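Report on one structure; see the data block that follows.
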Amino acid sequence: MALRRITPGLTDTTLVTKKQKFFSDLDLNFTAKVGIVYDSDGAGNLLMHGDIYKKSDVAAITQSITTILLTNTYEKPFKPNFGANLRSFLFETMESYSESIVSSMVQNAIERQEPRVEVQNVVFTDLGSNKVIPVGASSLGYWKPYESSADDRYALLITVVVKILNTQETVSIDVNMNRLR
């Protein structure tokens, strides 16, 4: 934002300033703040006073992206397109979904619903074998480069690397998707 200041008798001066936004959001844990209340005799007692914590800057964006990835479509009232709809894959045969399809779903959901960031990379890790699923793999489920038991293949760690547009900071966000049998 540029301001043009004209002062009589002096030369024209152009001031250039940057407007920096600070992000804040409610902490979705809704834990009450603990505070000290002083009695009339000066003794302090610790108690919860009803305020809740808030998240700011990177923590607010991390919470927002985690919420987007863990929400199914049609789950949020009056916003049917909110969410990445990833939990719908948990009870499907994962062999039919390639890494590129799910990666593009994650990127599209974040780009559509979180304008404060730019997605740099999406990485999937199979937690049963603790190995990264390679880019372009034909299946996110049980794939043959390693052998794991059938019980270990239902957990997937999604790592999303984003750049915060306001600060140009790069942040890595991990979201654990697992299915319990």
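Details
- Filter result for GLU118 (in a helix (DSSP H, G or I), of a type in the set (Asp, Glu) and modelled with pLDDT of 90 or more): no
- Flag if ASN72 is touching a residue at least 12 places away in the same chain (Cβ under 8 Å) and either of a type in the set (Ser, Thr, Tyr) or more than 28 Å from GLN168 (Cα to Cα) (or both): yes
- Checklist (1) more than 18 Å from GLU111 (Cβ to Cβ); (2) of a type in the set (Gly, Ala, Ser); (3) at pLDDT 65 or above applied to SER40, failing item: (3)
A quick yes/no check of all residues on (1) at pLDDT below 80; (2) buried (at least 17 other Cβ atoms within 10 Å of the Cβ):
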| residue | (1), (2) |
| --- | --- |
| PHE82 | no, yes |
| ASN85 | no, no |
| MET94 | yes, yes |
| TRP143 | yes, yes |
| TYR146 | yes, no |
| LYS163 | no, no |
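- Complete set of residues in segment 98-126 that are hydrophobic (A, V, I, L, M, F, W, C) and surrounded by 16 or more Cβ atoms within 10 Å (Cβ to Cβ): VAL102, MET105, VAL106, ALA109, ILE110, VAL117, VAL119, VAL122, VAL123, PHE124
The values are calculated or read from the model by the stated rules, or taken from the named source; none is laboratory data. Just so you know, these numbers come straight off a predicted model, no measurement behind them. When we count neighbours, we look across all protein chains shown, and the Cβ atoms used for this are built from the backbone with ideal geometry, even at glycine.
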